[in-house]
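The values are calculated or read from the model by the stated rules, or taken from the named source; none is laboratory data. This structure is a prediction, so every number in the text was calculated from the model and none was measured. Quick reminder, even Gly has a Cβ in these numbers, built from the backbone with ideal geometry, and neighbours come from all protein chains shown.
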Amino acid sequence: MPDVMALHARCVQDFRLPPNTGCCPVSELITIPTESPETVQCGADSRREDPSRAAVVPPMPPMASDRIGGIQMVWALRRNAYSAFPPRCLDEPVVELRVAGRHIVLASSPDAIRHIMITHADDYQRLALGRRVLGPIVGRGLLVSEGESWRRQRRAMAPAFTPRNVPVMAQHIIRCTEVACDRLDRSRGTPVNLLHELQILSLEIAATSLFSLEASTFGAELRKMVSGYMDTIGRLYPSDILLPDGVPTLLRARRALFRRRWTRLIHSIIEMRAGRARADVPRDLFDLLREAHESDREDLLADEVSTMIVAGHETTALTLFWMCTLLAKAPQWQTAVAEEASGVDLSAEGAATSLPKLTITRAVVEETLRLYSPAFMTGRFAKRTREICGTRIAKGSIVLIPYWLLHRNPRWWPNSAAFDPSRFLSGAEPDRFTYLPFGVGRHVCIGAQLAMSEAILAIARLLQKFTIAMTGDRPVLPVGTLSTRPDHAPAFVLQAREAALFHPSGFPPPVLPVVQPLLQI
Ligand code: HEM
């Protein structure tokens, strides 16, 4: 099947996606070697040293004590996953804790992750607690489904995420970024809540590129509900781990109430979109989902729409936000990205062609995702008793995989706490299982290409136009609840970048936004 192989070659070349990512029809057919490959110390020796780019070490909350017990860890998870795990997780491939008779296993080594996600994936399944926490917002959507329903749901959506859609997605990304730039231009020189601005931008990109919708009508309410949920009842509570489904608690009642309000909002978005269906426009993800679920209850369509809107914008908004905090502290890298961006065509029409040329920008995005993976942890339930890296894991154990610990382990990442994008510029790819911002195995992120394209193009365009600085000295700390959020939204000040950097190569300024449904499915 030469054509399909060529398709996946593009995924690997342009997006550096490993096999089996579900990124295109062929990826699932490629098998992954099950033997342990040599772990590459990513960029350790071959790193390009550039003294002018002195590394910035962003602040982190303190880790838990090595003596932390299971129940304390479960409580700490509710507050912040970044201070819930003991440092011994960095040395031991598997750490086991007990909470009220349950085994909780922390697996943060490449070999343990390979075992759980690839070589013994059939022995593990998604956690019921994931459904308890995410269910009110994504229902039975792809983010929490399992088995045959998951397979059907994933197949239905896959065509919307193939590499051949990148050029149209790039157009949406640039058009939405232009609107954001215009908005930011109006507050130039004054403190601005960039987190909020980037959330609006990402929501607009997800709504237009996936559902041909303008988010302006529902965006504010949707953002308010998502943030409200994540900051309160969307956290991981001890009862999520300790109590089975069916035990009524106040928390569960509050989540059920939220779900009713949320479903009403999503149904109104669906009605808006369905009312716009026209025969003369290309199909988009909404059409795919509607066809796939027409025999199901209408609820599943609503669940999938919620899943894609929430998963599709929260994570990328946070990636852009963390990137801005890092670049505000590392002006050399900010200039490097701006210079690179100034040499390429970032118009809506040219952006897709420019994407592979933005290598420094890509490295900055990759390093941001290493330090602040928005999806910082995942979990699985052990269906059978197994041995992981010499430790017996009992059937029924809850296995947590904190990707953020993997990404900050000095064994795989020299100078691991430092923001140093040059480690992704050395040409040495990190070992596949030491860098997993988009997960791995059958549930790997379906939106990885969209997310990478969005993060690269949006930051390139923003830095083509502005310099970004952060006001105040208060450290911005990551808080791991449902995603990696900041403990507060710092104020940023944007200034117009030197005109010389804008379009030295004579590219026309990007066109003003026109919202069109463009996905070619
Ligand atoms: C920087 C941005 C993003 C990051 C870091 C990210 C990360 C992840 C990770 C780690 C997983 C795997 C979870 C697991 O193994 O349990 C995942 C799954 C998923 N992501 Fe993303 N994601 C991002 C953007 C997106 C976007 C843009 C979309 C959709 C438009 C999306 C939709 C999904 C869905 C539906 C799944 C579940 C896939 C399945 O189970 O088959 N994500 N994501």
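With (1) at pLDDT below 85; (2) assigned to a helix (DSSP H, G or I); (3) not small (Gly, Ala, Ser) as the list, and MET308 as the residue in question, which single condition is left unmet?
If we test MET308 against (1) at pLDDT below 85; (2) assigned to a helix (DSSP H, G or I); (3) not small (Gly, Ala, Ser), just (1) comes out false.
Among the residues of segment 337-344, are any over 22 Å from THR315 (Cα atoms), in contact with a helix residue (DSSP H, G or I) (Cβ under 8 Å, 6 or more places away or on another chain) and among the acidic types (Asp, Glu)?
Yes, there is a match, as at least one residue in segment 337-344 is over 22 Å from THR315 (Cα atoms), in contact with a helix residue (DSSP H, G or I) (Cβ under 8 Å, 6 or more places away or on another chain) and among the acidic types (Asp, Glu).
Among the numbered criteria (1) within 14 Å of the ligand (Cβ to nearest atom); (2) in a helix (DSSP H, G or I); (3) in contact (Cβ under 8 Å) with a residue 24 or more places away in the chain, which one does MET225 miss?
Result: MET225 passes all but (1).
Answer yes or no as to whether LEU457 is surrounded by fewer than 23 Cβ atoms within 10 Å (Cβ to Cβ), within 16 Å of the ligand (Cβ to nearest atom), within 23 Å of the chain's Cα centre (by Cα) and under 30 Å from ILE174 (Cα atoms).
Numbers: surrounded by fewer than 23 Cβ atoms within 10 Å (Cβ to Cβ): no; within 16 Å of the ligand (Cβ to nearest atom): yes; within 23 Å of the chain's Cα centre (by Cα): yes; under 30 Å from ILE174 (Cα atoms): yes.
The answer is no for LEU457.
Six or more apart or on different chains, Cβ under 6 Å: which pairs go from a residue in segment 140-155 that's free of Cβ contacts under 8 Å to residues at least 40 places away in the same chain to one that's near the ligand (Cβ under 9 Å from one of its atoms) and among the polar types (S, T, N, Q)? Could you list them?
From segment 140-155, the pairs are SER145/GLN153.
Does ARG79 qualify as being more than 16 Å from the ligand (Cβ to nearest atom), within 22 Å of the chain's Cα centre (by Cα) and surrounded by fewer than 18 Cβ atoms within 10 Å (Cβ to Cβ)?
On the way: more than 16 Å from the ligand (Cβ to nearest atom): yes; within 22 Å of the chain's Cα centre (by Cα): yes; surrounded by fewer than 18 Cβ atoms within 10 Å (Cβ to Cβ): yes.
It is true that ARG79 is more than 16 Å from the ligand (Cβ to nearest atom), within 22 Å of the chain's Cα centre (by Cα) and surrounded by fewer than 18 Cβ atoms within 10 Å (Cβ to Cβ).
Given the residues ARG423, ARG392, which is the only one that is closer than 27 Å to PRO238 by Cα and more than 16 Å from the ligand (Cβ to nearest atom)?
Step by step, each of ARG423, ARG392 is checked, and only ARG392 is closer than 27 Å to PRO238 by Cα and more than 16 Å from the ligand (Cβ to nearest atom).
Being buried (at least 20 other Cβ atoms within 10 Å of the Cβ) and within 11 Å of the ligand (Cβ to nearest atom) is the filter here, so list the residues in segment 426-440 that pass it.
LEU436, PRO437, PHE438, VAL440
Would you tally the residues in segment 69-85 being modelled with pLDDT of 95 or more and touching a Lys or Arg at 6+ places or on another chain (Cβ under 9 Å)?
1
Please list, ordered by first then second residue, the pairs with beta carbon atoms under 6 Å, 6 or more apart or interchain, first in segment 417-438 and more than 21 Å from ALA336 (Cβ to Cβ), second within 16 Å of the ligand (Cβ to nearest atom) and aromatic (Phe, Trp, Tyr).
Within 6 Å, the pairs are LEU436/TYR403.
Quick one: would you say ARG126 is crowded, with 17+ Cβ neighbours inside 10 Å, of a type outside the set (Ser, Thr, Tyr) and farther than 18 Å from GLU291 by Cα?
Numbers: crowded, with 17+ Cβ neighbours inside 10 Å: yes; of a type outside the set (Ser, Thr, Tyr): yes; farther than 18 Å from GLU291 by Cα: yes.
It is true that ARG126 is crowded, with 17+ Cβ neighbours inside 10 Å, of a type outside the set (Ser, Thr, Tyr) and farther than 18 Å from GLU291 by Cα.
Counting residues that are more than 20 Å from the chain's Cα centre (by Cα) and aliphatic (A, V, I, L, M), which helices (runs of 4 or more DSSP H) fully inside segment 344-448 reach at least 2? Write out each step before concluding.
Values: elements: 351-354, 359-371, 403-407.
So the answer is 351-354.
Just for segment 386-421: of the residues that are exposed (fewer than 15 other Cβ atoms within 10 Å of the Cβ) and of a type in the set (Lys, Arg), which one is farthest from ILE113 (Cα to Cα)?
Among those that are exposed (fewer than 15 other Cβ atoms within 10 Å of the Cβ) and of a type in the set (Lys, Arg), it is LYS395.
Quick one: in segment 306-349, of everything that is among the aromatic types (Phe, Trp, Tyr) and within 15 Å of the ligand (Cβ to nearest atom), which residue is nearest to PRO58 (Cα to Cα)?
TRP322
Can you tell me which residue is nearest to ALA448 (Cα to Cα) among those in segment 141-188 that are of a type in the set (Lys, Arg) and within 12 Å of the ligand (Cβ to nearest atom)?
So, considering only residues that are of a type in the set (Lys, Arg) and within 12 Å of the ligand (Cβ to nearest atom), the one nearest to ALA448 (Cα to Cα) is ARG154.
Would you point out which residue out of LEU300, LEU289, LEU242 is more than 16 Å from the ligand (Cβ to nearest atom) and either of a type outside the set (D, E, K, R) or buried (at least 23 other Cβ atoms within 10 Å of the Cβ) (or both)?
LEU242
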